[in-house]
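Novice: Got a structure here, written out as structure tokens. Questions coming.
What follows is calculated from the coordinates using simple rules that are stated; it is not laboratory data. It should be emphasised that the depicted structure is a prediction, and the values quoted were computed from it without experimental measurement. Here Cβ is always computed from backbone atoms with ideal geometry, including for glycine, and neighbour counts include all displayed protein chains.
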Amino acid sequence: MRLKVCYHDNCFDGLASAATFTRFFLQKVDPKAEVEYEGLAYRGKNPFREGLLSGDVNAILDFRYTRDPKLDWYFDHHVSAFQEPGDEEHFRADPSGQKFWNPEAKSCTKFMADVLRTRFGFEPGPMEQLIHWADIIDGAQFPDAKMAVELEEPALRLMTLIEAERETAFLHRIIRWMQEEPLAEIVARPEVAARIEPLLEAHRENVELIRQRAECENGVVYFDISDQLRDNANKFIPYHLFPDCRYSINVSASGTRTKISLGSNPWSKVPRTHDLAAIAARYGGGGHAVVAAISLDAGEAERARAIAREIVGILRRSQ
Ligand SMILES: [Mn+2]
């Protein structure tokens, strides 16, 4: 049997979900299944390419819902899971008992592991540590910004690599290692360490760049690094630099897209009062109440700045 696992690409929770689901499938459904992976990204209107669900069994994890009849298993926790009219009704009417969504879950990985454990007898075994860290990372449940920015923990080093790595085959090797090896062993592999080191160097540069460009006013940090072609700066840097801020808005760009990132400071003493997914949705974006994003095409920095300024204005006025 061929199992196709589609997961949220370049995301620790997405890859951890793919690894966890694979272990479940091999353990409880078909130990001989041939597994194929494909990462999905929020780009443009339709992120589902023709022929995507090409397995005998198909799963989508930590990503948007599709009404495609070839979808067999579904797990997600994004508030914005249902994008097309009729998607949510279709999901709710599903008779398979294999499609699950919980927008309150901190991570898709832990949500899925809990469902698979209680309903399908799944035993995570050595993957407990991975599941635990997926929940900490995706739920931004770090004890402080320092831990999230200094990146000493193996899980956080692996997260940094996953968010930046562009070689699909290498990401798929990580998913396979995640099923067998402790995180400390994965990051100690010479081929992994060699890819992490330059990223840590770039990360240290990002901290300096954001330190120079960010301005904090009325509890809202804003910066624009869209001229740098770095769209994956660690999202906790602003909270490390400005511990008293509540929100962080920034514009960044890569060769393929321009991005407006909306974040809230998980360690802020003043509680968050805005739903960032709802604000992002007004501009065609999505995400979670605590962190969201809007993707535009490459070369749209000017429009991105205008949108970001509008959002900064909304947040600053209401402090
Ligand atoms: Mn997730």
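Novice: Please arrange SER80, SER261 by how many other C-beta atoms lie within 10 Å of their C-beta, fewest to most.
Specialist: Listed from fewest to most nearby Cβ atoms, that is SER80, SER261.
Novice: Using R₀ = 45 Å, calculate the FRET efficiency as 1/(1 + (r/R₀)^6) where r is the Cβ-Cβ separation of GLU201 and ALA93; round to 0.05.
Specialist: 0.35
Novice: Sticking with this structure for a sec: Among SER248, SER254, which comes first, second and so on when ranked by fewest other beta-carbon atoms within 10 Å?
Specialist: Fewest-to-most Cβ neighbours within 10 Å comes out as SER254, SER248.
Novice: I'd like to know which of PHE223, GLY255, ALA281 lies farthest towards the positive end of the charge dipole of the chain, counting +1 on Cβ of Lys and Arg and -1 on Cβ of Asp and Glu.
Specialist: The one lying farthest along the dipole's positive direction is ALA281.
Novice: Taking Cα atoms, how many degrees apart are the long axis of helix 12-24 and the longest axis of the chain, rounded to 10 and kept between 0 and 90?
Specialist: Once rounded, one gets 10 degrees.
Novice: Another question about this same structure. Residue by residue through the range 100-114, which ³J(HN,Hα) values in whole Hz follow from phi under the Karplus form 6.51 cos²θ - 1.76 cosθ + 1.60 (θ = phi - 60°), with glycine and proline marked x?
Specialist: Per-residue couplings from phi come out as 9, 8, 9, x, 8, 5, 6, 9, 5, 4, 6, 4, 5, 4, 5 Hz.
Novice: OK, next. Nearest 0.05, what FRET efficiency do ASP56 and ARG176 give at R0 = 25 Å with Cβ-Cβ as r?
Specialist: 0.80
Novice: Tally Lys/Arg at +1 and Asp/Glu at -1 over every other residue whose Cβ is under 15 Å from the Cβ of PRO198; what's the total?
Specialist: -2
Novice: Give the long-range amide H neighbours of PHE100: residues separated by 5 or more places, or on another chain, with amide H under 5 Å away, using H modelled in the peptide plane at 1.01 Å from N.
Specialist: It is TYR74, PHE75, ASP76, by chain and number.
Novice: Angle, helix 128-138 long axis vs. longest principal axis of the chain, Cα atoms, 0 to 90°, nearest 10?
Specialist: Orientation of helix 128-138: about 30 degrees from the principal axis.
Novice: Still on this structure, please answer the following. Which length gain, in nm to one decimal place, applies between GLN27 and ARG305 when the Cα-Cα distance is subtracted from 0.36 nm times their residue separation?
Specialist: Between GLN27 and ARG305, full extension yields an extra 95.2 nm.
Novice: Expressed as a fraction of 2.2 N^0.38 Å, the rule-of-thumb size for a compact globular protein of N residues, what is the C-alpha radius of gyration of the range 214-317?
Specialist: Rg over 2.2 N^0.38 Å, computed on Cα atoms: 0.97.
Novice: Quote the FRET efficiency, to the nearest 0.05, computed for GLU150 versus ASN102 with a Förster distance R0 of 25 Å and r equal to the Cβ-Cβ distance.
Specialist: Once rounded, the FRET efficiency stands at 0.20.
Novice: Express in whole angstrom the spacing between the alpha-carbon centres of the range 219-277 and the range 37-114.
Specialist: Each part's Cα centre sits 27 Å from the other's.
Novice: Within the range 246-316, which trypsin sites (Lys or Arg not before Pro) sit in a loop by DSSP and count at most 10 neighbouring Cβ atoms inside 10 Å?
Specialist: LYS269
Novice: Once you've got the GNM for the chain with C-alpha springs shorter than 10 Å, pick whichever of THR258, THR109, THR273 has the biggest mean-square fluctuation.
Specialist: THR273
Novice: Using only Cα atoms and rounding to the nearest 10 degrees, what angle (0 to 90) does helix 154-164 make with the longest principal axis of the chain?
Specialist: In the chain, helix 154-164 runs at an angle near 80 degrees to the longest axis.
Novice: Return LEU315, LEU171 ranked ascending by Cβ neighbour count within 10 Å, so the fewest neighbours appear first.
Specialist: LEU171, LEU315
Novice: Further, regarding this structure: What are the ³J(HN,Hα) values, in whole Hz, obtained from phi via the Karplus relation 6.51 cos²θ - 1.76 cosθ + 1.60 with θ = phi - 60°, for each residue of the range 308-315 in sequence order, with x given for Gly and Pro?
Specialist: 4, 4, 4, 5, 4, x, 4, 6
Novice: Then there's this: How long is the gain from SER268 to ASN46 if the chain were fully straight, where each residue apart is worth 0.36 nm and the alpha carbon distance is subtracted?
Specialist: 76.4 nm
Novice: Could you go through the range 287-293 in sequence order and give the Karplus-derived ³J(HN,Hα) for each residue, using 6.51 cos²θ - 1.76 cosθ + 1.60 with θ = phi - 60°, rounded to whole Hz, and x for Gly and Pro?
Specialist: Per residue, the Karplus-derived 3J(HN,Hα) values read x, 10, 4, 8, 8, 8, 8 Hz.
Novice: Can you tell me which of LEU71, LEU26, LEU156 moves the most in a GNM of the chain? Springs connect C-alpha atoms under 10 Å apart.
Specialist: Highest fluctuation among the options: LEU26.
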